[in-house]
There are 2 protein chains.
Amino acid sequence: MTTATLDLTAVTTAATRAAKAAAAASDVDRAAWLHAVADALDTNVTELVAIADSETRLGTARLTGEVARTTAQLRLFATVITEGSYLEAVIDHADPAATPPKPDLRRLLKPIGPVAVFSASNFPFAFSVAGGDTASALAVGCSVIVKAHSGHPRLSERTAEIVTGALAAAGAPEGLFALVSGREAGTALVQDPAIKAVGFTGSIPGGRALFDLAVSRPEPIPFYGELGSLNPVVITAQAVQARTAELAAGLAGSFTLGAGQFCTKPGLVFIPAGTGFPARLAEAAKDKGAAPMLTERIAEAYPDGLRSVASMTDATGAAAVEVVSGSVEQDAATNGAAPVIFRTTATLVLERPQELLEECFGPTTLLIEYSGPDQLSEVLALVPGSLTATVHAQPDEDVSGLVEQLAGLAGRVLFDGWPTGVAVNWAQQHGGPYPATTSLFTSVGATAVRRFQRPVAYQNAPETVLHPALREANPLGIPRRVDGVLVLR
Amino acid sequence: MTTATLDLTAVTTAATRAAKAAAAASDVDRAAWLHAVADALDTNVTELVAIADSETRLGTARLTGEVARTTAQLRLFATVITEGSYLEAVIDHADPAATPPKPDLRRLLKPIGPVAVFSASNFPFAFSVAGGDTASALAVGCSVIVKAHSGHPRLSERTAEIVTGALAAAGAPEGLFALVSGREAGTALVQDPAIKAVGFTGSIPGGRALFDLAVSRPEPIPFYGELGSLNPVVITAQAVQARTAELAAGLAGSFTLGAGQFCTKPGLVFIPAGTGFPARLAEAAKDKGAAPMLTERIAEAYPDGLRSVASMTDATGAAAVEVVSGSVEQDAATNGAAPVIFRTTATLVLERPQELLEECFGPTTLLIEYSGPDQLSEVLALVPGSLTATVHAQPDEDVSGLVEQLAGLAGRVLFDGWPTGVAVNWAQQHGGPYPATTSLFTSVGATAVRRFQRPVAYQNAPETVLHPALREANPLGIPRRVDGVLVLR
């Protein structure tokens, strides 16, 4: 199941058959499959981390933590499905006296069918073979075909072997999970009639190309892509005055974390004009050394991105961006990526939004100095959709207008923190307006399962053909809405 | 607000401003706006029905019922939003002891922004200016710009006047609702950066063209289209034997209802081979007279569609379809559309699925004779996604496999009933796999609101900036999930 030479039709045919069996399995069974996968990954953590470190250079500490996060995620989805609300069971009893008479109608969410998952480069565990997309699709009863990321092929194969073995041992249907590799297999998957949805984490150009394929199929399918995010941070005048050192230290830690290769890296930081913050930030970033990047290609792209930012000019041809610290000319492939801090003004961004508001993958951030709240609001209106937006303000400041604006451009709004670090829980939202994501859903947290479900209503159905969730006596003991009223069990 | 010559920018600018105000309004306020619109439509029912009848020829009885359904729908959405579950409020308290420490995270659904709604021809009230798309978008705090259907321009304008007046009197923000007309305005709306989602009910070609525009924008937006549906009906051998007369009468009533212009009209009926059912159906349909169709264009298209079905041939060039009753050659524009019943075999459909499985708008249905359960399953696998699928079986038959297959191709599965007639309640699902709809949502029933909402999570936010739904004390008294546990209030 893990070689590039596999016949895709055999894989999708098996996935279609397995999806039927998984849809018919109980939540308890599927939860057991998820636990089996989590346990197997935990058992093999040392070997997996060693392979991952050799392929991604992310370091064993970070990678070990990422495995723990990945297995916790699998177990969270097991909890989510056994709790039962995810089925959104709704019962409306018949009302023959109504005009017109109302039939008995019962609705729940069913699995959508085989799902294609595209692994990410920067999270070889949590957003890859056994990551959140795979876990949430398996949880609800879909089969999954993962497209391996070329940045960690051996890890992908080994993880897939472990997942496949664990699922088989736990009694899951054959073909429930498969791995394919190669760009060609990926695009073929998105276009394959057997595939009913796609999960993707990657770049804007790559993601948009696959999105375009998914929506231009004869039967378009949902494409759940996480593409790119600038993650704006706003620091108010009062906050920068009260806490310059703390903010500088926090930001320096956040934008350099993991060599700046987080999808939630703060890429734009709005600060009041004329403060000492840029110098303090440079000071705080001084001891953040160069760090290896994920792949040679990514490392080579970093200085290109830096040069592109540094070379921007205003309408008169003068430089629009100042290098506060670090060096644009660096050999990141040989020496690792070293932090670079840029600085410009909101006035210049308003002149050149297309160019200045582009993501640069790596340990760099752009400080944007604003003259006051009105200019801040004006420039924020140009920031593309993001996964996160952060505000640093003092406790007595009224930031409600600012927060409302930030909530319009991002899926998660943080207060007095830093966006790197995404908790895996019930309330998480990891998604935002385009290009952050291509849907109204999240790829992290309990509600990620909703991406792979479709509603079906049964009208005047005999009990015997109904899913247990919809039977009158509620044998599963799950929360349901009955005649408009939410009933816990 | 209701003329074709309006400057679209003025309309979208007002809609953007109004959406902000509506998003900030309370659920109680928005519920009052919906009630005001419903009351105003009820007050003007006589005038509205008269205009509608003159433009659509649907008859005053049906149209009066449709107004009642439309106002009940507006009031249902008022109930839905005041109940509060639609916000999907989730609170995860901080856990500083976790590894890594977990922040306080609170999530809810916010309105997506200005929505474009395309009216349908066949439901001038329930799926038009003040129909389900408009009601569900207004309910959650979106503004709405309706594209009028060319089939009922005067009704659209008069309804829009009443809606606009009622909203203004109820204190809703100016620009919350607007009407535009003309194909050009419609396509411009879908491409306008101010528009954040589209609701559409109409044909496959028209809907797909607008879908393609929506997903090819620089910032793609969700396109909630209801496009076309064959609504397969399966009658088992036992059922046809036990209840031929009853089934024939029911089907005759359903496929001719409203001149066959329902999106849930049963267009394909699978019956066992070699029964007397076709003759009984012809008998039952005999007294269903010709009925005027919605527009001249639709009436002219009906005989074209009939001829297309009748002219189909098998591999040898022999006729593949038999006319059981009615006449293919008819002048529906002058005399109204008269019922036509066709008949073919599953064997022929398996040879020619592309041609035989096409929707024909009007009072016609295609009987497909199957040799047994295996052939039935084989031919059902070729039926495109539908809004509904119906099974007529006897109480002691095991139809679970058949029901599972039908649930895979339709959003609503009916037992021993007919698909025309869509209850507006909490459990309804009016949507299905493409081309029935272009999303995983419903356009009828309580959950239709979810189409126009996007999730936002707030991390470590001060109470003062939080929506009341997320404040610790739950001042709205709504159901929420707190630390993984569903709490009613």
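The values are calculated or read from the model by the stated rules, or taken from the named source; none is laboratory data. All values reported here derive from a predicted model rather than from experimental measurement. Here Cβ is always computed from backbone atoms with ideal geometry, including for glycine, and neighbour counts include all displayed protein chains.
For region A:123-168, a tally of residues being surrounded by fewer than 24 Cβ atoms within 10 Å (Cβ to Cβ) and of a type in the set (S, T, N, Q) returns 2.
Which number in (1) surrounded by fewer than 24 Cβ atoms within 10 Å (Cβ to Cβ); (2) farther than 29 Å from B:Arg17 by Cβ; (3) without any contact (Cβ under 8 Å) to a residue 60 or more places away in the chain marks the one condition that A:Gln428 misses? Of everything listed in (1) surrounded by fewer than 24 Cβ atoms within 10 Å (Cβ to Cβ); (2) farther than 29 Å from B:Arg17 by Cβ; (3) without any contact (Cβ under 8 Å) to a residue 60 or more places away in the chain, A:Gln428 misses just condition (1). Screening B:Gly421 with (1) in contact with a Phe, Trp or Tyr (Cβ under 7 Å, 6 or more places away or on another chain); (2) on the phi > 0 side of the Ramachandran plot; (3) surrounded by fewer than 18 Cβ atoms within 10 Å (Cβ to Cβ) gives one miss only, at (1).
For beta carbons closer than 8 Å, sequence separation of 6+ or different chains, a first residue in region A:302-323 that is surrounded by 13 or more Cβ atoms within 10 Å (Cβ to Cβ) and a second that is of a type in the set (Lys, Arg) and at pLDDT below 95, the qualifying pairs are A:Met312/A:Arg352; A:Asp314/A:Arg352; A:Ala320/A:Arg352. Restricting region A:404-439 to residues that are more than 25 Å from B:Arg480 (Cα to Cα) and of a type in the set (Val, Ile, Thr), which is nearest to the other protein chains (Cβ to nearest Cβ)? Checked region A:404-439; the qualifying residue nearest to the other protein chains (Cβ to nearest Cβ) is A:Thr438.
Cβ separations smaller than 7 Å between residues 6+ apart or across chains give no pair from region B:204-215 residues that are more than 11 Å from chain A (Cβ to nearest Cβ) and farther than 12 Å from B:Ala436 by Cα to residues that are surrounded by 19 or more Cβ atoms within 10 Å (Cβ to Cβ) and basic (Lys, Arg).
For region B:461-489, the set of residues classified as among the basic types (Lys, Arg) and surrounded by fewer than 13 Cβ atoms within 10 Å (Cβ to Cβ) consists of B:Arg489 only. Answer yes or no as to whether B:Asp29 is within 25 Å of B:Ala194 (Cα to Cα), acidic (Asp, Glu) and surrounded by fewer than 23 Cβ atoms within 10 Å (Cβ to Cβ). When the stated conditions are applied, B:Asp29 passes them. Annotation note: of A:Gly258, A:Gly202, A:Gly207, the sole residue that is among the small types (Gly, Ala, Ser) and not assigned by TED's automatic domain parsing to the domain that holds A:Gly113 is A:Gly258. Taken together, the criteria exclude B:Leu230 from residues that are surrounded by 18 or more Cβ atoms within 10 Å (Cβ to Cβ) and at pLDDT below 95. Residues considered: A:Glu329, A:Glu359. Of these, the only one that is surrounded by 19 or more Cβ atoms within 10 Å (Cβ to Cβ), out of contact with any Asp or Glu (no Cβ under 6 Å at 6 or more places or on another chain) and of a type in the set (D, E, K, R) is A:Glu359.
Among the residues making up region B:183-193, those that are surrounded by 14 or more Cβ atoms within 10 Å (Cβ to Cβ) and either among the aromatic types (Phe, Trp, Tyr) or in contact with a strand residue (DSSP E or B) (Cβ under 9 Å, 6 or more places away or on another chain) (or both) are B:Ala185, B:Gly186, B:Ala188, B:Leu189, B:Val190, B:Asp192. Hey, could you check region B:277-301 for residues that are assigned to a loop (DSSP other than H, G, I, E, B) and in contact with a Gly (Cβ under 9 Å, 6 or more places away or on another chain) and say which is surrounded by the most Cβ atoms within 10 Å (Cβ to Cβ)? Filtering region B:277-301 for residues that are assigned to a loop (DSSP other than H, G, I, E, B) and in contact with a Gly (Cβ under 9 Å, 6 or more places away or on another chain), the one surrounded by the most Cβ atoms within 10 Å (Cβ to Cβ) comes out as B:Met293. Going by what's in this entry, would B:Pro353 be described as in contact with a Phe, Trp or Tyr (Cβ under 9 Å, 6 or more places away or on another chain) and under 24 Å from B:Leu227 (Cβ atoms)? In short, no. Could we say that A:Leu138 is of a type outside the set (Val, Ile, Thr) and within 30 Å of A:Gln261 (Cβ to Cβ) here? Spelling it out, A:Leu138 is indeed of a type outside the set (Val, Ile, Thr) and within 30 Å of A:Gln261 (Cβ to Cβ).
The number of residues in region B:445-477 that are on the phi < 0 side of the Ramachandran plot and more than 10 Å from chain A (Cβ to nearest Cβ) comes to 10. Comparison of A:Ala135, A:Ala89, A:Ala68, A:Ala61 shows that the only residue that is within 19 Å of A:Thr201 (Cβ to Cβ) and not acidic (Asp, Glu) is A:Ala135.
A single member of B:Ala469, B:Ala389 is within 20 Å of the chain's Cα centre (by Cα) and either assigned by TED's automatic domain parsing to the domain that holds B:Ala252 or modelled with pLDDT of 95 or more (or both), and it is B:Ala389. Just one residue in the set B:Val180, B:Val163, B:Val198 is out of contact with any Gly (no Cβ under 9 Å at 6 or more places or on another chain), on the phi < 0 side of the Ramachandran plot and at pLDDT 95 or above; that residue is B:Val163.
Would you confirm whether or not region A:62-72 contains a residue that is within 30 Å of B:Asn425 (Cα to Cα), crowded, with 18+ Cβ neighbours inside 10 Å and within 14 Å of chain B (Cβ to nearest Cβ)? No; the residues of region A:62-72 include none that is within 30 Å of B:Asn425 (Cα to Cα), crowded, with 18+ Cβ neighbours inside 10 Å and within 14 Å of chain B (Cβ to nearest Cβ). Would you call B:Glu88 of a type in the set (Asp, Glu) and within 12 Å of chain A (Cβ to nearest Cβ)? Here the answer is yes, as B:Glu88 does meet what is asked.
In region B:381-403, the residues that are within 9 Å of another protein chain (Cβ to nearest Cβ) form Cβ pairs under 7 Å with partners that are among the charged types (D, E, K, R) and surrounded by 15 or more Cβ atoms within 10 Å (Cβ to Cβ), at six or more places apart or across chains, as follows: B:Thr388/B:Arg412. Evaluation of B:Ile145 against the conditions (1) in a helix (DSSP H, G or I); (2) over 17 Å from B:Ala31 (Cα atoms); (3) of a type in the set (A, V, I, L, M) shows that the sole unmet condition is (1). Of the residues in region A:416-428, none is farther than 30 Å from A:Ala290 by Cβ and of a type in the set (D, E, K, R). Scanning region A:50-61 for residues that are aliphatic (A, V, I, L, M) and buried (at least 23 other Cβ atoms within 10 Å of the Cβ) gives A:Ala52, A:Leu58.
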